[in-house]
Structure formats: structure tokens, C-alpha cells
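To keep things clear, I will list the structure first and then write my remarks on it.
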Amino acid sequence: MSVRTGREFLSIPGPTNIPDSVLNAMHQPAIDIYQKDFPALTDSLLAGLKTLFDTDGETFIYIANGHGAWEAALSNVLSRGDKVLVLSSGRFADGWGETGVPLGLDVEVLPGSWRHSVRPDAVAARLKDDPDGLIKAILMVQVDTASSLVNDVEAVSKAIRSTGHPALFMVDTIASLGTMPFSMKDWHIDVAVGAAQKGLMSPPGLSFNAASPRALARHKEAGLRTAYWDWTARLGPIHYQKYCGTPPEHLLFALAKSLELLSNEGIEAASLRHSLLAGATSAAVARWAEGGVLQFNVTAPEDRATAVTTVLFEQGHTPDALLDYCNEKCGVVVGIGIDDLRGKAMRIAHMGFVNAPMLLGTLGVIEMGLKALNIPHGPGGTQAAIDFLAHHVPPSPAPASNEGT
Ligand SMILES: *Cc1c(COP(=O)(O)O)cnc(C)c1O
């Protein structure tokens, strides 16, 4: 017995839902890579990305997933033997650091926690302990998709600058770009990394670097540069070189449509939408947690990402049966816990192309599964999410009357 036939809800933190208009944008024949108007498409994408990263530097598009953009970022500004400091707060900053090991970087991890954000004072303390400036770069994520933590990029950047340390500040926005504010310029970030398949609602396969003027200057001396990732080669006048070969045409068509959707909504409105959906999710989880089994992974509400919520299972319960139920019986695919939280957590994604019914549908099905499987939980989680949204999303004011004009 199942109630599955219907639209499947993909509620995982990447890849995320692809809007029909983005899918349709790819449904066209391949074009000549030397077609005259193709460079204009690339220019518009690079400019769109500059707006999203809010940089007065340069942006680069790679035919790669996020791991590729990680390697691209490191290889463009660092040299073999350079020390990098990883600010740990889950899986992904650590993963970025691990990418540097085979490159010959000396990777140091500043221990953190999966349950609270990076502490700016701990970063400043470590940098003060490096009077000779051996640390060449600092790596952090804005949102860690495994722990569902958000780091305060601006505060960490301030802490770094308060020490006068010259290390480059490099930030992974793969899970956060398009879901919350970000500004390389205002927050003094040197290198940012992004990818297409999370907040940007596009198919996996494209990822990005954004480089500040300071990073572009440092790039000139970087010893790890390779032909494929090299920024300088991609900055030249020849369109073909911008992708170091054949452009990924259909993924570019998709990205153009996604950036158009995001720009039409506006980044502020999109950020607000993500906050509202995250707030509704928190309201539901808080209610369910009253049963003593489910628990927020991130303890302080201000440390919680607006893109994804990681929920722990305690008292001997595991998420597997619930996730299977949601998928097999109802067609809702909820994210598994990864790395340290494999088999111990579920991740409810609310990033990218998601609206209230999609989120409420997901929460409703999770609650249905909790009930069907007799997993202890406080009742009324979905109702709490509805109440939260009803309270925070008031009706539009009535249009002004035209009477008498
Ligand atoms: C998903 C993700 C990555 C990895 O991206 P891939 O495209 O899978 O290589 C890196 N960092 C963060 C924060 C992510 O969410």
C-alpha cells in the first residue's frame, strides 16, 4: 500500500529541484562553439556571478562539481609546501583541506564542532600565534551541508583582519550562494567557491571561482597553477580558452535561466524565503523534539543554516526506517546523514527552488512517517510550521481604491 504516485519531492541538500524552465532551457540542439553570439552568453554569466558573489574581481566557470572548484581555487593562489588553515565546522571545510594534501599543501585543521559555528576569536588567537605569516590561506564554508551550520563570514573576516595577518581568506559558498546574503567586497573575502546544483537550481556539472583583486595579485606567484584550472588562461580574449576547451553549452543555457529566475526574484527576497522556510522547519523539529528522540544538530538557533536542517536521532533510534517510509510510501526523498552523522541523522533541505507547499508536504510526510513507525515525537510539528508561516507571511495589503479618481 502506498500513496506515492504523483510528483516526487526531492528534499535533499543537493542536487536540488531543477525548475521546469531551467530543464526546458537545455532542450535545444547543440550550437557551433564559434557562433558569434556565444561569447556574449559567457560574458553575461560571468557578470551574473560577479553580482551574486558581489565582487569587483573576476569570476570563472568550471566544468566540474564543487570538488573541482575547490582544487581550482587552491591551485590558483598557492604553492607546494604552503600552509593552509582549515576552520572546521562539519564535513566540507575539512574536505576542501583534504583536496590540498595531494597538491603538496601543509594542511592544518583548527578544530571546531559540528554543533556550533566557527568562533572568530579562536581564529584570531591561532593567527596571532603565526608571527612569521606561515599560514598562506584560511579555508571556511559559509554553510556546512553535513552539520547544517552557518558560519558568520563577516565576523570571521573581521577577526582575521584585526590581527593584520596577510593570509588569503577563502570561502566555500556551494550550499549557501543564492540562499542568503554574501559579499566578497564588503566582507573582504579573497576567493569564493560556488557550484550550480544547490541554491542555484541548476544541474550538477558547473562550479565557480570568484577572485578578489588581492587574490588575482597573489595568483601571479602561485606555483600550483595548471593548464586546466589556470585563471590567467581563462581571462584571455579567446572564448574557447574560458572553458579550456568546448564550452558545456547546455549547462550554460540552464545556468543562464537559473540566474534569470534568481535575479527576477531578487537575492533579498530569495534570502527571506529561505529564512521563512528554515523557520518553519525549525518550528516543526522543535515540536517533534519534545518526544525525546529527535534533536537539532545545531543547538543555537542563530547558528542554523537557512538552506538545510540536520536532525539527530537519539535513544537508540536511527533514521533509516523513516527515510525509507517517506520515499517508498510517499515519494518524498529526505537527505541522509553523512560522514560522522551517517545512520544518526536526517537532513531536511530547504534550498533553491522550494516554496511553502513543497516544504509543508515534506514536513507533513515526515510527521506521517513518525506516526506510522511509532517513533516518539511531540505532536503538531507540521501545524507549528503552518502557524509560523501564517504569522510571518501576512496577506498583501488591499490595493488602493481608484474610486473618485
Ligand atoms: C555539496 C557541497 C560540496 C561538494 O560539492 P560537489 O559538487 O559534490 O563536489 C562542497 N561544499 C559544500 C558546502 C557543499 O554543500
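Laid out as a table, the results:
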quantity: In the stretch 332-342, the residues that are surrounded by fewer than 18 Cβ atoms within 10 Å (Cβ to Cβ) and closer than 24 Å to residue 6 by Cβ; calculated: 333, 336
quantity: Identity of the residue in the stretch 70-79, closer than 11 Å to residue 96 by Cβ and more than 8 Å from the ligand (Cβ to nearest atom), that ends up surrounded by the most Cβ atoms within 10 Å (Cβ to Cβ); calculated: 73
quantity: Filter pass, residue 271 being in contact (Cβ under 8 Å) with a residue 60 or more places away in the chain, exposed (fewer than 15 other Cβ atoms within 10 Å of the Cβ) and within 19 Å of residue 53 (Cβ to Cβ); calculated: no
quantity: Residue list for the stretch 169-194, filter: part of a helix (DSSP H, G or I) and either in contact with a Leu (Cβ under 7 Å, 6 or more places away or on another chain) or charged (D, E, K, R) (or both); calculated: 185, 186
quantity: Only listed residue being aliphatic (A, V, I, L, M) and open to solvent by 30 Å² or more (accessible area, probe 1.4 Å), chosen from 390, 345, 349, 384; calculated: 390
quantity: Identity of the residue in the stretch 26-43, free of Cβ contacts under 8 Å to residues at least 40 places away in the same chain and in a helix (DSSP H, G or I), that ends up least open to solvent (accessible area, probe 1.4 Å); calculated: 40
quantity: The stretch 280-331: number of residues that are aromatic (Phe, Trp, Tyr), part of a helix (DSSP H, G or I) and either in contact with a strand residue (DSSP E or B) (Cβ under 8 Å, 6 or more places away or on another chain) or open to solvent by less than 30 Å² (accessible area, probe 1.4 Å) (or both); calculated: 1
quantity: Looking only at the stretch 164-186, and only at residues there that are more than 19 Å from residue 66 (Cα to Cα) and open to solvent by less than 40 Å² (accessible area, probe 1.4 Å), the one that is farthest from the ligand (Cβ to nearest atom); calculated: 165
quantity: Sole exception among (1) closer than 29 Å to residue 273 by Cα; (2) part of a helix (DSSP H, G or I) for residue 197, by number; calculated: (2)
quantity: Selection from the stretch 1-39 of residues that are out of contact with any helix residue (DSSP H, G or I) (no Cβ under 8 Å at 6 or more places or on another chain), within 16 Å of the ligand (Cβ to nearest atom) and small (Gly, Ala, Ser); calculated: 14
quantity: Flag for residue 190 being touching a residue at least 12 places away in the same chain (Cβ under 8 Å), touching a Gly at 6+ places or on another chain (Cβ under 9 Å) and of a type outside the set (Val, Ile, Thr); calculated: yes
quantity: Among the residues listed as 223, 194, the single one being of a type outside the set (A, V, I, L, M) and either more than 16 Å from the ligand (Cβ to nearest atom) or open to solvent by 20 Å² or more (accessible area, probe 1.4 Å) (or both); calculated: 223
quantity: Candidates 23, 85, 10, filtered to the one that is open to solvent by 30 Å² or more (accessible area, probe 1.4 Å), part of a strand (DSSP E or B) and at pLDDT 95 or above; calculated: 10
quantity: Only listed residue being more than 16 Å from the ligand (Cβ to nearest atom), of a type outside the set (Gly, Ala, Ser) and touching a Ser or Thr at 6+ places or on another chain (Cβ under 8 Å), chosen from 42, 59, 55; calculated: 55
quantity: Subset tally (residues that are assigned to a loop (DSSP other than H, G, I, E, B), surrounded by fewer than 19 Cβ atoms within 10 Å (Cβ to Cβ) and out of contact with any Lys or Arg (no Cβ under 8 Å at 6 or more places or on another chain)) for the stretch 237-247; calculated: 4
quantity: Residue match in the stretch 44-59 (condition: open to solvent by less than 40 Å² (accessible area, probe 1.4 Å) and within 20 Å of residue 222 (Cα to Cα)); calculated: yes
quantity: Selected residue (criterion: most open to solvent (accessible area, probe 1.4 Å)) from residues of the stretch 142-159 that are touching a residue at least 40 places away in the same chain (Cβ under 8 Å) and under 19 Å from residue 186 (Cβ atoms); calculated: 150
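The values are calculated or read from the model by the stated rules, or taken from the named source; none is laboratory data. Computed from a prediction, not measured in an experiment: that's the story for all the values here. Counting neighbours? That spans all protein chains shown, and the Cβs are built from the backbone with ideal geometry, glycine included. Note: areas computed on protein heavy atoms with side chains; ligands, DNA, RNA excluded. Shrake-Rupley method; radii C 1.70, N 1.55, O 1.52, S 1.80 Å.
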